[in-house]
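Here the structure is laid out as structure tokens; the discussion comes afterwards.
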Amino acid sequence: MERNSLLICCGVVFFGLFSAATGFAAEATRIKGSSVQLVAPTQCAYPQSPALALGLTAAVALVIAQIIINVGIGCTYCNQSPHLSSSNWTIAVGCLVGSWFTFAVAFFLLLTAAAMNKRHGAFSTDFGSYYCYVVKPGVFAGGAALSIVSVTLGMLYYLTLISPSDNDAAALHQEGITPGQSKLPIQRSQGPVFVHEDTYRRRQFA
């Protein structure tokens, strides 16, 4: 793996794991119904929570990871122009579609949960009673889990693109070259040189 590809993979893994970690942290620190008090029929008292900042951070980190993947894919097409086989191309397209789909859902969940966590107020029910609004459990965690899935599929798509194609491997095999072997001309030893008999005798008795 080239140095640029290694940097891209490290960056995607870092921001992907960071997004998941902050998403799970937002789930753990979200405002729960048991910690909210209804101080008046239409007024609720909410405690302080870092879930809003953590949810926004998770969403931003996920966007950065997706940007790195797509920039790396663009550089791969520009520099290498890979020609994938039909099977590898099917796998790559499937990973690409899955990565974008899970990215959209994860980003929506993280951003929506962060906004809802900030939404404070009391709401009436059909029976005339009031309740305090809180984010349902599992929304932040679902976004964090989908972040991991999105980054994993994006990495599989990128690694499929930078892997050597079957045509390249066959061409190297026909030339007798294995990956990592330098293509240098082989110096062959010179054939026998014939010397005249008189010249050989003069050299021998010199």
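Each value in this text was obtained by applying a stated rule to the coordinates, not by laboratory testing. From a predicted model like this one, the values you see are computed outputs, not experimental measurements. No Cβ is skipped: glycine too gets one built from the backbone with ideal geometry, and neighbour counts run over all protein chains shown.
For the pair residue 159/residue 90, report the inter-label distance in nm, with labels modelled 7 Å from Cα in the Cβ direction. Once both label points are built, they end up 2.1 nm from each other. Sorted on the mean count of surrounding Cβ atoms within 10 Å across their residues, most packed first, peptides 52-62, 24-34 read 52-62, 24-34. A crude spin-label estimate for the pair residue 101 and residue 21, with each label 7 Å from Cα along the Cβ direction, gives 3.0 nm. Calculated FRET efficiency, residue 63 to residue 136, Cβ-Cβ distance, R0 = 25 Å: about 0.55 to the nearest 0.05.
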